[in-house]
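Peer 1: One structure coming up, written as structure tokens, with questions to follow.
The values are calculated or read from the model by the stated rules, or taken from the named source; none is laboratory data. None of these values were measured; they are calculated from a predicted model. FYI the Cβ positions are ideal-geometry reconstructions off the backbone, even for glycines, and counts take in every protein chain you see.
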């Protein structure tokens, strides 16, 4: 997308990463997809607006924290009693599940997901324990 600034300099995954790469892919894939869509809508409304996506990570003890920040038009539609913003895409059955997928993936690693809005910046944070999740449902910390 022309005019989109992507910053991944602070996205550094630890050498001893125990979280399955597939699960990292689910989280980053959904987060970047959502961020791209938000930037696309912003640029369609305001072609001169600065569109950006910033990915970063941090390890604190056994916790891995992933953060995705992106510009957007500042409009977030939420229903009362709903955890996540609602999609504005026409096919609501096939869309609007990205944040739910991110949250359930984080929970597999005893983690959580949170988001906040600061002005016209959407900030997604995902925290997970950096430990191997065995396929049979048992956890190990090798």
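Peer 1: Which of the numbered conditions does residue 116 fail, given that it passes all the others? Conditions: (1) at pLDDT below 95; (2) touching a helix residue (DSSP H, G or I) at 6+ places or on another chain (Cβ under 6 Å).
Peer 2: Of everything listed in (1) at pLDDT below 95; (2) touching a helix residue (DSSP H, G or I) at 6+ places or on another chain (Cβ under 6 Å), residue 116 misses just condition (2).
Peer 1: Another one. Quick one: which of 26, 32 is modelled with pLDDT of 95 or more and under 16 Å from residue 115 (Cβ atoms)?
Peer 2: Unique residue meeting the criteria: 32.
Peer 1: OK, next. State whether one or more residues within the range 85-93 are more than 21 Å from residue 19 (Cα to Cα), modelled with pLDDT under 95 and within 13 Å of the chain's Cα centre (by Cα).
Peer 2: no
Peer 1: Which one is modelled with the lowest pLDDT among residues in the range 120-140 that are assigned to a loop (DSSP other than H, G, I, E, B) and in contact with a strand residue (DSSP E or B) (Cβ under 9 Å, 6 or more places away or on another chain)?
Peer 2: Here the answer is 140.
Peer 1: Further, regarding this structure: State all residues of the range 1-51 that are assigned to a strand (DSSP E or B), within 30 Å of residue 62 (Cβ to Cβ) and over 14 Å from the mean Cα position of the chain (by Cα); if no residue qualifies, say none. Talk me through it step by step, then tell me what you get.
Peer 2: Restricting attention to the range 1-51, the residues satisfying the condition of being assigned to a strand (DSSP E or B) are 4-10, 51.
Narrowing further to those that are within 30 Å of residue 62 (Cβ to Cβ): 6-10.
Residues satisfying the conditions are 6, 7, 9, 10.
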